[in-house]
Structure formats: structure tokens, C-alpha cells
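In what follows, a single structure is set out as C-alpha cells and then discussed.
The values are calculated or read from the model by the stated rules, or taken from the named source; none is laboratory data. Bear in mind the structure is a predicted one, so any value in this text is a computation, not a measurement. Methodologically, a virtual Cβ is constructed for each residue, glycine included, from the backbone with ideal geometry; neighbour enumeration extends over all protein chains shown.
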Amino acid sequence: MKKEIKYPLNGLALGALAGIFYSMLEQYLGLKEKGLPFWDNLDRQKLIKYGAIGGGLGLVAGYGYYKWEFYKESQKPFESNAYTKSVLREYSGQSNSGSVLGKKIRNEIKDFISETYDGRLAGKPLNWGSTARGTAINSNCDYDLLVPFSKRSFGTLEEMHSNLYDTLRQKYRGVNIRKQGRSIGLTFNTNTGEIHIDIVPGREIRNYSLNGKLNLYVKGGLLKVPSRIKTSVNSLREMTVNRPKEREVVKLMKVYRDRYGFNVNSTFLQHLVLEAFDKKTATFSTADNLMYVMAYLADKLTYARIVDRGNSNNVISGKVDDYSRNLMTNQLVSDLNKLDQNKHYLKQIFPI
């Protein structure tokens, strides 16, 4: 919670408690002097009144304290680029013990699948998703695998998906394994917390080793029939290759989204960030790149139509509702206005 909200709320709570306590003490002393029992004669309406007055005063005092503290902080030297680097180090998905164990489990699963399906794969299982692209953050650090099966390995995509699911269930008994949209999810309970592994099976289209193209099975639902979707491994893998500055901003925007709790998926966010840098080359300053992307998203997020770079028929933006878009847009506009007035506000948006 940002300090500009936290401090007033704390002031509200403390002020309300102080008002109630004062009213109770005042009534207790008055009733004691008259020789009347306290609880039977307590004026609860008066308690509420004093609690409301105290809460209001506490709210104002809390906000005033926030402004005073922020003013003092803003008088100190501040280097926004160095600060954004610190934020990236703080939220890196690569530096904790859970990350080490997650990679170990993922690699064990890769070896198991390679051995079990030897001769039926079009290539080795690949590290996939944000950890492979270097855009993972530690607040949401899942581990993804892509398993490319040869085109003759199974009669149907559903059979391929179900066979891998059954094989994993036999191997990892006691692990929470479930069929998801396109993937098979595994959740391991460890001493460092839950570790999530998502495995995406795909069947090659023509020659996988040459074109990197796969058909993925999409699980059906209550009102949705099973379907397929094409993806290009090469296109998706190359999205952030040799683009370290862009990867930094993708991470920062994920932190921003998670901090506010916006319901905007990572794929959509990443594509939108890369679209911004397709129009303007990233600079050496991480802070400047972040400000540019925040402004770009504030302008484009509401109506942006984003197509999957790995499959032109997959419209990613259709999976993000208008309410979530508008909510994030409004917050971006508000934060950008505050940053224009004082760069120190960056510390409120990205606390470390």
C-alpha cells in the first residue's frame, strides 16, 4: 500500500480509537461521580460521534504527516535511474532459493519427458515463458516448458495433451496436476513455498526444426469446444533477444501491475511494451525508458489491439476486459502527473 493511502488510513484508525477511548473515559468518570453503573448507562451514540470526529481528525493528520515526510524526502538528492536499477534487483526472479529449486525441478521434468518420449519428440523440451525470456519477477515466478512432439506421434492434439497429462500424473503422485487452457499445470509444495510448473505440449507443423511452428491444443470448457492454436517458437523466442533495456521495462511494468493488482495478463503487457519500443528506440536510461512506456500505455492501453507475434490469428488484447484497461490507464495518468511534479514519487510507486 502506498504511503499516501497508508498514512491517512492509519491516522483514521488511530484517531477513531482515540475518540472512542476519550468518550468512554469521559462517560466513565461522569457516571462514577453520579454512582451509576457504567455499562448500563453508556451512551453508544456519543461513542460513535467521538469516534467519527477522532477518525476525521486522524485522517487529516495522517495525510498531513505523509505530505510533510514526502516534502523532507524530496529535498534529498535523488537519481531516478539508479533507483529503478535497485527496484529491478529487488524484484528479480532469479536470486532466491525458491528460484534455484524451481529450476532444478523444471530441469528434472525436462529430462523425464525427453527419456519417456524419446523418438516421439520433434526437438528437446524448451524453457519457456518469462523465465526463459528474462522478464520474470519474484512476485510471480512460474516455470514454463514447451514440449514439441513430432507430427506423427499422436493421432490428435487432444490425445497428445491427455497422454502427457496421464504420464505426469503417474510420475508425480501427490503433486497437484491439472489440465489448463493450453498447458498442464503442476504445483509442488516445498520448504520455500509453492513452485508452479506449466508444461505446454505442441505438435509440429511440417518441419519443426526448420520453421519452429507448432499446433497447441486448447482445452474446452462448459460453453467452449476444444480447439487448436498455432504458435511460432522462433518468433516468440526472439521477441526479447538482444533487447536488455526492453526486458527491464517489461519487468518494471509487471511490478507496477502487481502492486496495484490490475487484471492485465503478462503476455498482453509484454507485447504492448515491445510495441512502444518498436516506435522509439530504447535509451541507456532505465528511468527514461520506464517513463516513456508508462506514457505510451496511458495513451494506448484503453483501445490497443495487440496480436500475438507468434500467431497473427491470436488477438491477445481480446482477453483483457475494458474495465481493467480503464483502471490501469487512469492510474498511469495519475502517477505520471505526480512524477512530472516530483521525481521522488517514483519511490511511492516502486517501494523497496
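Does the stretch 280-287 contain any residue that is free of Cβ contacts under 8 Å to residues at least 40 places away in the same chain, out of contact with any His (no Cβ under 7 Å at 6 or more places or on another chain) and surrounded by 15 or more Cβ atoms within 10 Å (Cβ to Cβ)? Lay out the reasoning, then the answer.
Filtering the stretch 280-287 down to residues free of Cβ contacts under 8 Å to residues at least 40 places away in the same chain leaves 280-284.
With the extra rule that they be out of contact with any His (no Cβ under 7 Å at 6 or more places or on another chain), the set shrinks to 280-284.
Filter once more, keeping what is surrounded by 15 or more Cβ atoms within 10 Å (Cβ to Cβ): 282.
The answer is yes; a qualifying residue exists.
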From the list 139, 153, pick out the single residue that is at pLDDT 90 or above and hydroxyl-bearing (Ser, Thr, Tyr). 153
Can you find a residue in the stretch 310-324 that is more than 20 Å from residue 129 (Cβ to Cβ), modelled with pLDDT under 95 and among the charged types (D, E, K, R)? yes
In this structure, is residue 27 exposed (fewer than 13 other Cβ atoms within 10 Å of the Cβ), more than 35 Å from the chain's Cα centre (by Cα) and part of a helix (DSSP H, G or I)? no
Checked pairs for the stretch 129-143, first aromatic (Phe, Trp, Tyr), second modelled with pLDDT of 75 or more and buried (at least 21 other Cβ atoms within 10 Å of the Cβ), C-beta under 7 Å and 6 or more apart or across chains, list as 143/102; 143/106; 143/197
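Just the residues that are over 12 Å from residue 22 (Cβ atoms) and aliphatic (A, V, I, L, M), please, taken from the stretch 51-66. Explain how you work it out, then say what you get.
Residues of the stretch 51-66 that are over 12 Å from residue 22 (Cβ atoms), as a first pass: 52, 55-56, 58-66.
52, 59, 60, 61, listed by residue number.
Can you list the strands (runs of 3 or more DSSP E) found entirely within the stretch 191-265 that contain at least 3 residues being touching a Ser or Thr at 6+ places or on another chain (Cβ under 7 Å)? Step through it out loud before you land on a result.
Details: elements: 193-204, 213-218, 227-232.
It comes to 193-204, 213-218.
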What's the total number of residues in the stretch 189-206 that are more than 18 Å from residue 160 (Cβ to Cβ) and more than 20 Å from the chain's Cα centre (by Cα)? 3
Can you pull out every residue in the stretch 137-155 that is in contact with a strand residue (DSSP E or B) (Cβ under 8 Å, 6 or more places away or on another chain) and either over 22 Å from residue 111 (Cβ atoms) or of a type outside the set (Phe, Trp, Tyr) (or both)? 137, 138, 142, 144, 145, 146, 147, 148, 150, 151, 153
Among the numbered conditions (1) closer than 25 Å to residue 86 by Cα; (2) surrounded by 18 or more Cβ atoms within 10 Å (Cβ to Cβ); (3) of a type outside the set (S, T, N, Q); (4) under 19 Å from the mean Cα position of the chain (by Cα), tell me where residue 351 comes up short. (2)
Scan the stretch 99-122 and give yes if some residue there is farther than 26 Å from residue 8 by Cβ, within 30 Å of the chain's Cα centre (by Cα), in the same structural domain as residue 205 (by TED's automatic domain parsing) and hydroxyl-bearing (Ser, Thr, Tyr), otherwise no. yes
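For the stretch 169-186, name all the residues that are under 12 Å from residue 201 (Cα atoms) and not in a strand (DSSP E or B).
At the first step, the residues of the stretch 169-186 found to be under 12 Å from residue 201 (Cα atoms) are 179-185.
If the condition is that a residue be under 12 Å from residue 201 (Cα atoms) and not in a strand (DSSP E or B), then 180, 181, 182, 183 are the ones that fit.
Please find, among 330, 313, 337, 326, the residue that is surrounded by fewer than 15 Cβ atoms within 10 Å (Cβ to Cβ), among the polar types (S, T, N, Q) and under 24 Å from residue 81 (Cβ atoms).
Numbers: 330 fails: under 24 Å from residue 81 (Cβ atoms); 313 fails: under 24 Å from residue 81 (Cβ atoms); 326 fails: under 24 Å from residue 81 (Cβ atoms).
Selected residue: 337, the only one of 330, 313, 337, 326 that is surrounded by fewer than 15 Cβ atoms within 10 Å (Cβ to Cβ), among the polar types (S, T, N, Q) and under 24 Å from residue 81 (Cβ atoms).
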Expected output for the stretch 294-307 (first residue part of a loop (DSSP other than H, G, I, E, B), partner of a type in the set (Val, Ile, Thr) and buried (at least 17 other Cβ atoms within 10 Å of the Cβ), Cβ below 6 Å, 6+ apart or cross-chain) is 301/329; 302/329; 306/316
